[in-house]
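All remarks here apply to the structure that follows.
The values are calculated or read from the model by the stated rules, or taken from the named source; none is laboratory data. Since we're looking at a predicted model, the values are computed, not measured. Heads up, the Cβs are rebuilt from the backbone with ideal geometry, glycines too, and the neighbour counts pull from every protein chain shown.
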Amino acid sequence: MNSHLSGAEERTYQRVFEHPTPHDVPLQEVWSMLGAIADVRAVEVNGNLTATRNGQTLVLHRGRGKQMAAKKELMHVRHFLERSTTAGVKMSGGSR
């Protein structure tokens with residue numbers, strides 16, 4: 001995993017890869033975690049976060065009053081992280 005993540009960001013990263021997918025991950029924590037990954041470029045405009053890394057793009061939308069990331073969004077984040085990992089770098093998945 002990326003060594004630049006704080007403890008809270010690392011915990012959020014691990015939760016994204018949990019099975020079953022959690023339902024109580026705050027959206028702001030997901031956004032913070034993505035922004036802290038060294039090679040991810042994350043830009044927030046009008047309540048939408050666009051993250052890019054190694055040619056892959058992820059767009060997350062914050063609905064009005066939305067606080068928690070939906071399971072579907074966490075799956076998109078998980079797939080983005082998996083797809084955008086360079087061939088020479090292996091990322092750890094959550095706890096097993």
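Hey, could you check the range 59-69 for residues that are in contact (Cβ under 8 Å) with a residue 40 or more places away in the chain and surrounded by 11 or more Cβ atoms within 10 Å (Cβ to Cβ) and say which is nearest to Val30 (Cα to Cα)? Write out each step before concluding.
Pass one, the range 59-69, residues in contact (Cβ under 8 Å) with a residue 40 or more places away in the chain: 67-69.
Cutting the leftovers down to surrounded by 11 or more Cβ atoms within 10 Å (Cβ to Cβ) gives us 68-69.
Values: Met68: 9, Ala69: 8 Å.
Step by step, filter the range 59-69, then rank; the result is Ala69.
Taking the criterion of being within 19 Å of Leu5 (Cα to Cα), hydroxyl-bearing (Ser, Thr, Tyr) and either in a strand (DSSP E or B) or at pLDDT 95 or above (or both), would at least one residue in the range 52-73 satisfy it?
yes
Looking at Arg15, Arg78, Arg96, can you tell me which residue is of a type outside the set (A, V, I, L, M) and at pLDDT below 90?
Exactly one of Arg15, Arg78, Arg96 is of a type outside the set (A, V, I, L, M) and at pLDDT below 90, namely Arg96.
So which residues in the range 29-80 are touching a Ser or Thr at 6+ places or on another chain (Cβ under 7 Å) and more than 16 Å from Thr12 (Cβ to Cβ), if there are any at all?
Matches in the range 29-80: Arg41, Val43, Thr50, Arg53, Asn54, Gln56, Thr57, Val59.
Arg15 is checked against (1) closer than 11 Å to Val77 by Cβ; (2) in contact with a Lys or Arg (Cβ under 8 Å, 6 or more places away or on another chain); (3) among the charged types (D, E, K, R) and fails just one. What number does that condition carry?
(2)
Identify all residues within the range 34-58 that are crowded, with 18+ Cβ neighbours inside 10 Å, over 15 Å from Thr85 (Cβ atoms) and in contact with an Asp or Glu (Cβ under 9 Å, 6 or more places away or on another chain); write none if there are none.
Going through the range 34-58, the residues crowded, with 18+ Cβ neighbours inside 10 Å turn out to be 34, 36-37, 40, 42, 49, 51, 53, 58.
Now drop any that are not over 15 Å from Thr85 (Cβ atoms), which leaves 36, 42, 49.
Scanning the range 34-58 gives a single hit, Ala36.
Looking at this structure, is Met91 at pLDDT 95 or above and out of contact with any strand residue (DSSP E or B) (no Cβ under 9 Å at 6 or more places or on another chain)? Don't jump to the end; show me each part of the working.
On the way: at pLDDT 95 or above: no; out of contact with any strand residue (DSSP E or B) (no Cβ under 9 Å at 6 or more places or on another chain): yes.
No; evaluated as a whole, the condition is false for this residue.
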